[in-house]
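The values are calculated or read from the model by the stated rules, or taken from the named source; none is laboratory data. Keep in mind the model is a prediction, meaning the values are calculated, not measured. Cβ placement follows ideal geometry from the backbone for every residue including glycine, while neighbour counts extend to all protein chains displayed. Keep in mind that these areas ignore ligands, DNA and RNA; they rest on the heavy atoms of the full protein, side chains included. Shrake-Rupley method; radii C 1.70, N 1.55, O 1.52, S 1.80 Å.
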Amino acid sequence: MVAYPQITLPYETPAIFFRPKLGLHATQYNLDTNGQGQSNQTRTLPTLTMDMGAVFERDTAFGDRSSIQTLEPRL
């Protein structure tokens, strides 16, 4: 059995974003050890993930063509 419940509370604007996520990764194994009986193995790991970044745009021109230059750093 594997269970991975998560909760997130994102904060986003047109220029920046911040998406923290908290989760709990739980795993349980029921093993048969060649007639020696069953062995139960359980693992529970808390996880914290943070995704953040920004979007920088500016108008630019290449020759006669106008365009938008974008820089999107991410951490």
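Structure notes:
- Residues satisfying the stated conditions in segment 1-19, i.e. assigned to a strand (DSSP E or B) and under 14 Å from residue 51 (Cα atoms): 7, 8, 11, 12, 16, 17, 18, 19
- Matching residues, segment 52-75, being under 27 Å from residue 6 (Cα atoms) and of a type in the set (Asp, Glu): 72
- Filter result (over 22 Å from residue 4 (Cβ atoms), assigned to a strand (DSSP E or B) and open to solvent by less than 60 Å² (accessible area, probe 1.4 Å)) within segment 20-51: 39
- Only one of the listed residues (44, 49, 33, 60) is at pLDDT below 90 and touching a strand residue (DSSP E or B) at 6+ places or on another chain (Cβ under 7 Å). That residue is 33.
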